[in-house]
Amino acid sequence: MTHIIISLLKVSSNVEELYLQGNKLTRHEMTILSNAIQGSPSRDTLRTLNLDWNQIEDEGLVAVALLIRNCKNLQCVRVSHCGGEIHGRELCKKAAKDNKLKNLVLV
């Protein structure tokens, strides 16, 4: 699944929404995906990212926090039921606050 999304990011310069809930993304795949998004033109157009019900754990939440910091047009990020500890969650909250993210869902 991740390789398909990365290919899409390479050819499309205006991905606005990514709904990846329930895709069983691992923390490793989330890190790869985060790097791909940050390195693509879509980092300037991405507004919504839904990662609910994945297995990204704390390492994946750190990658999400980097996305929140580097994708200036993000408005909504959902990462509920993704595992992880306090460290990754706190990084996401801080990045959301610093970047004035309108909607962050962490459950």
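The values are calculated or read from the model by the stated rules, or taken from the named source; none is laboratory data. These figures come from a predicted structure and were not determined experimentally. All Cβ positions, even for glycine, are placed from backbone atoms using ideal geometry, and neighbour counts span all protein chains on display. Just so you know, the surface numbers come from the protein's heavy atoms only, side chains and all, with ligands and any DNA or RNA stripped out. Shrake-Rupley method; radii C 1.70, N 1.55, O 1.52, S 1.80 Å.
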*Residues located in the stretch 85-107, provided they are open to solvent by 50 Å² or more (accessible area, probe 1.4 Å) and assigned to a loop (DSSP other than H, G, I, E, B)*: 85, 100, 102, 107
_Just to verify a result, which residue in the stretch 35-84, among those that are over 18 Å from residue 100 (Cα atoms) and of a type in the set (D, E, K, R), is least open to solvent (accessible area, probe 1.4 Å)?_
52
*Which members of the stretch 17-30 meet the condition of being in contact with a helix residue (DSSP H, G or I) (Cβ under 6 Å, 6 or more places away or on another chain) and open to solvent by 40 Å² or more (accessible area, probe 1.4 Å)?*
27, 29
